[in-house]
Amino acid sequence: MHYLAFYTLGWMICALACNVSAASQSAEEDAYTRSRTALIMEIEADVRETADSFGRAALDERVITVLSTVPRHAFVPVRERPFAYENRPLPIGFGQTISQPYIVAIMTDLLDPKPGDNVLEVGTGSGYQAAVLSRLVAQVYSIEIVEPLAISAKQRLAELGYDNVSVRHGDGYYGWEEHGPFDAIVVTAAAGHVPPPLIAQLKPGGRMVIPVGSRFLTQQLVLITKQMDGSIITRQLLPVVFVPLTGRH
């Protein structure tokens, strides 16, 4: 009888602890959801304010839906999670950052992603941009030059169920030729010039979004469209600040 009472009491304490933990996790997720909703409203306001540069006053509803569901807090270091839904970049280690949500939103929108698209990302970082794109296209191939970031992003994306993202460690300047050509390419670090290998791996009719400029000079977010005859149309959109694209080039 004493053993049974002890066992019952232990079970009750465990059940109570589990319930408290579940309630705490639920409250935390509700708080994150509210923060994402507020962030989306801020992004939409920023898009309206930059409509002249961006070229549109509203984002595609598909992009809004994805931004409303992808958990940015899961893609930043634990110490940065209280700031995960602030509309600004955050450090992720190794001198790298996760991009400002507004920038992620407009770069994603500018790619005009389609459900059957094959997309290349240069600069995986923590994996957030890849996660956003993965919910809009068929396959994302992402390259990260900082090996520890590539390893952690690959693991994180797999654990969170983004199973149509492939990540590898390498120099993104040269693209990922064996999986090209790509319907769209997004570069999340500033290049001094548009890398010719990326132009070559972009399909006719495809789009590339890339920040161009140096660390110490003005960088411009550039939209590149490859025409069906292979010719290129380049359009500068707005000034930005990105970490530099590094590598042997």
Q: Could you work out which residue, out of A131, A31, A105, moves most in a Gaussian network model of the chain, that is, has the largest mean-square fluctuation with Cα springs under 10 Å?
A: A31
**Q.** Folded to 0 to 90 degrees: helix 147-159 orientation relative to the chain principal axis, Cα
**A.** 60 degrees
Q: Rank the residues M107, M228 as a footprinting-exposure proxy: fewest other Cβ atoms within 10 Å of their Cβ go first.
A: M228, M107
Q | Neighbour-limited loop hits for GluC sites (Glu not before Pro), segment 135-209 (at most 16 other Cβ within 10 Å; DSSP other than H, G, I, E, B) | A | none
Q | Charge dipole (debye, nearest 20) of the chain; +1 at Cβ of Lys and Arg, -1 at Cβ of Asp and Glu | A | 240 debye
Q.
Between (i) 35, 18, 16; (ii) 31, 24, 18; (iii) 39, 20, 17, which entry matches semi-axes √(5λ) of the Cα gyration tensor in Å as derived from the coordinates of this structure?
A. (iii)
Q.
Counting C-alpha atoms alone, how compact is segment 45-110: give Rg to one decimal and Dmax as a whole number, in angstrom.
A. 12.9, 37
(Q) Among DSSP bridges having both ends in the chain, what percentage is antiparallel? Round to the nearest 5. (A) 45 percent
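Rule-based calculations on the coordinates, nothing more; no lab input. This structure is a prediction, so every number in the text was calculated from the model and none was measured. All Cβ positions, glycine included, derive from the backbone under ideal geometry; neighbour counts span all protein chains shown.
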